[in-house]
Amino acid sequence: MRALEPEDLEYLYRLENDTKIWELSGTFAPYSKAILERYLNQAHLDIYEAKQFRFCICDDYNKRLGLIDLFEFDPINKRVGVGVLVYNEEDRGKGIGTEALQLVCDYAFKVLDVHQVFANILEDNSVSRTVFERLGFSLIGTKKDWVRIDGTFKNEVLYQKINA
C-alpha cells in the first residue's frame, strides 16, 4: 500500500466513474478530472485535518489493484471507518483485500491509536462480509432499507473491530 500520487489521476477517474461500483461507494454522480485533481492535491493532508485518508493498493511492481480508505476519523472517540475495493475481477479472491485491510487496521490501531475500526457493508455483499469477519470484525447491527439502489432499498450492516 502507498499514499496517492498525482500519477493516480487516470486510475481514480476510471474507478470513481465506474457505475458498476457506485453502489459500493455510495456514489451517485460522475467525478470530473478537475475535481479528482483537486482531491489528489489535498491527499497529503494529515488525517487529523482531513478526517480521511486513502491508500492505493499495489502489487510488488506498483501495479494498482484497488483502494482502501479510512474515513470519519474521530480522534476524540478514537474510531475510524474503513472501506476496501479490489477493482479488477481477476485480482479478487487472492487475499489482496484481506491483506490490505489487515495492514490498515494495524496502522489505525498502532499509529492512529484508535479504539475501534468500523465498516458499513451492504447486507448482500457476502464476500466483503466474509473478509471482515475473517479479520475479527463483529456484526453489530443492521440498518434496514438504508440504501436505495435502482429503485430498491437494501439493508446495510455495521461491522466493528475493537482494539483489544
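The numbers here are math on the coordinates, done by the rules we state, and not lab data. For clarity, every value in this text was computed on a predicted model and none was experimentally measured.
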Long pairs among K20/K154; K51/K78; K78/K110; K20/K94; K110/K161, criterion Cα-Cα beyond 18 Å: K20/K94
Net length gained if the chain between K144 and K20 were fully extended (0.36 nm per residue, minus Cα distance): 42.4 nm
Near K143, which aspartates and glutamates are there with a Cα under 19 Å away, not counting those fewer than 8 places off in the same chain? E23, E72, E123, D124, E133, E156
Based only on Cα atoms, what Rg/Rh ratio does the range 103-164 have, Rh being taken as Kirkwood's radius? 1.06
Using alpha-carbon positions, what is the distance between the centroids of the range 8-69 and the range 147-164, in Å? 21
Taking a ≥ b ≥ c as the square roots of the eigenvalues of the Cα gyration tensor of the range 16-107, is the shape rounded (a/c under 1.5), prolate (a/b larger than b/c) or oblate? oblate
With a ≥ b ≥ c from the Cα gyration tensor eigenvalues, square-rooted, and the rule rounded for a/c under 1.5, otherwise prolate when a/b > b/c and oblate otherwise, the chain is rounded
Kindly work out what percent of the DSSP beta bridges joining two residues of the range 1-148 are antiparallel, to the nearest 5. 85
Estimated [θ] at 222 nm from DSSP helical runs (n ≥ 4, -39500 (n - 2.57)) normalised by residues in the chain, nearest 500: -8500 deg cm²/dmol
Rounded if a/c under 1.5, otherwise prolate or oblate - the range 58-131, Cα gyration tensor axes: oblate
Using modelled backbone amide H atoms (1.01 Å from N, in-plane), which distant-in-sequence or interchain residues come within less than 5 Å of V147's amide H? K154, E156
